[in-house]
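The values are calculated or read from the model by the stated rules, or taken from the named source; none is laboratory data. The model shown is predicted, which means the values in this text are computed figures rather than measured ones. Every residue, glycine as well, gets a Cβ built from its backbone with ideal geometry; the counts of neighbours run over all protein chains shown. Keep in mind that these areas ignore ligands, DNA and RNA; they rest on the heavy atoms of the full protein, side chains included. Shrake-Rupley method; radii C 1.70, N 1.55, O 1.52, S 1.80 Å.
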Amino acid sequence: MAKKKSGALRKTVQILWALLSNGYIAGYTGGKIYQGPLKQNCVPGLNCYSCPGALGSCPIGAMQSVATDRNKSFSFTAAGYVMAFGALCGRFVCGWLCPFGLVQELLYLLFPKHKIKTFRGDRYLRWLKYAVLAVFVFLLPAVIGYGATGDPWFCKYICPAGTLEGGIPLALLNDAVAASIGGLFFHKLAILLLILALAVVIYRPFCRYLCPLGAIYALFNNFALVRMTVDEHKCVNCGACERACPMACPVRTKPNDPECVRCGACERACPTGALHVSPYIKLPHIKKESEETK
């Protein structure tokens, strides 16, 4: 019963955080973007700045906004947010505090059969998100069209979260935005629909293969404060944890794999209670000085 409650707790936190971080009601009624003082702060997950209800900035969008403008210095504030969240909890953010991750999970749960957990080339495709981070978040915005009118390449041409949370609502609520819809909107809509279709059979396909924010947090997963621990004395090597992991992580040999989003499925599946997610604080071992030492 306790294990089932832990899974329900995560879903509750995901839903509440999505509602809280997109709780600007006037944006939905007026079709405008909130631009108050809260927007100066970044939220942990991928949450579009242009969502009518968004109360904070997306860290990827914040970093891109300065990468395209020679009049702005590098956003150490945005980078600091990402590094702080990463060092604290790694991809725990992806599993608990990302609205677009929640959307993918809900679609995955709609049809319980015919799932694709892994396939030939899956592990190689997961490196693609690091290329997206390097090329579309930093390299292209900084090199091509660098200046006051530079393009935030990832946000403008790829991000499906931006289309779902910002593009579609604004097109429905704002007449000026609706009148300006063109080929770019339908290009991003096609990407969104493809991701959502894949999410029905593959657990979090965008998080696995394309998300640059997930790529950043993945770099911290192995040494973040919040981490997965395995009690070797309790583990019986039954493999239940790896069979339960929706991200197909090698839980027993690499519990803090970069792909682990701390969903807790492995912990709930473990029959002996050998796995748990907890803050990791390793205290230094201090050797007592020998009484004979002067």
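Which condition number does D151 fail, the rest of (1) assigned to a helix (DSSP H, G or I); (2) over 19 Å from M247 (Cβ atoms) being met?
Status for D151: all satisfied but (1).
Out of the range 185-227, which residues are over 21 Å from Y157 (Cβ atoms) and out of contact with any helix residue (DSSP H, G or I) (no Cβ under 9 Å at 6 or more places or on another chain)?
N222
Before we move on, is L125 surrounded by fewer than 16 Cβ atoms within 10 Å (Cβ to Cβ) and touching a residue at least 12 places away in the same chain (Cβ under 8 Å)?
The answer is yes for L125.
Give the number of residues within the range 157-186 that are of a type in the set (D, E, K, R) and open to solvent by 40 Å² or more (accessible area, probe 1.4 Å).
1
Does the range 106-126 hold any residues that are aromatic (F, W, Y) and within 12 Å of M247 (Cβ to Cβ), and which are they?
Within the range 106-126, Y108 is the sole residue that qualifies.
Do you know which of the residues in the range 23-45 that are open to solvent by 70 Å² or more (accessible area, probe 1.4 Å) and part of a helix (DSSP H, G or I) is farthest from F85 (Cα to Cα)?
Step by step, filter the range 23-45, then rank; the result is T29.
Please work out which one of (1) in contact (Cβ under 8 Å) with a residue 12 or more places away in the chain; (2) surrounded by fewer than 22 Cβ atoms within 10 Å (Cβ to Cβ); (3) part of a loop (DSSP other than H, G, I, E, B) is the condition P52 fails and give its number.
(2)
Within the range 187-210, how many residues are surrounded by fewer than 16 Cβ atoms within 10 Å (Cβ to Cβ), of a type in the set (A, V, I, L, M) and without any contact (Cβ under 8 Å) to a residue 40 or more places away in the chain?
Number of matching residues: 4.
Within the range 66-79, identify whether any single residue is among the hydroxyl-bearing types (S, T, Y), open to solvent by 50 Å² or more (accessible area, probe 1.4 Å), at pLDDT 90 or above and under 20 Å from the mean Cα position of the chain (by Cα), and answer yes or no.
Scanning the range 66-79, I find no residue that is among the hydroxyl-bearing types (S, T, Y), open to solvent by 50 Å² or more (accessible area, probe 1.4 Å), at pLDDT 90 or above and under 20 Å from the mean Cα position of the chain (by Cα), so the answer is no.
If you go through the range 129-138 one residue at a time, do you hit one that is open to solvent by less than 10 Å² (accessible area, probe 1.4 Å), outside any loop (DSSP other than H, G, I, E, B) and over 18 Å from G45 (Cβ atoms)?
No, the range 129-138 has no match at all.
Determine if the range 211-233 includes at least one residue that is modelled with pLDDT of 95 or more, part of a helix (DSSP H, G or I) and surrounded by fewer than 19 Cβ atoms within 10 Å (Cβ to Cβ).
Yes: the range 211-233 contains one or more residues that are modelled with pLDDT of 95 or more, part of a helix (DSSP H, G or I) and surrounded by fewer than 19 Cβ atoms within 10 Å (Cβ to Cβ).
Being assigned to a loop (DSSP other than H, G, I, E, B), closer than 21 Å to L97 by Cα and either open to solvent by less than 20 Å² (accessible area, probe 1.4 Å) or aliphatic (A, V, I, L, M) (or both) is the filter here, so list the residues in the range 247-269 that pass it.
Within the range 247-269, M247, A248, C249, N256, D257, E259, C260, V261, R262, C263, G264 qualify.
If I ask for residues that are touching a strand residue (DSSP E or B) at 6+ places or on another chain (Cβ under 9 Å) and within 18 Å of L46 (Cβ to Cβ), which ones from the range 192-236 would you list?
N221
Does the range 144-151 contain any residue that is more than 23 Å from the chain's Cα centre (by Cα), closer than 18 Å to Q64 by Cα, among the polar types (S, T, N, Q) and open to solvent by 40 Å² or more (accessible area, probe 1.4 Å)?
yes
Checking K113 against (1) in a helix (DSSP H, G or I); (2) free of Cβ contacts under 8 Å to residues at least 40 places away in the same chain: exactly one of these is not met. Which one?
Condition not satisfied by K113: (1).
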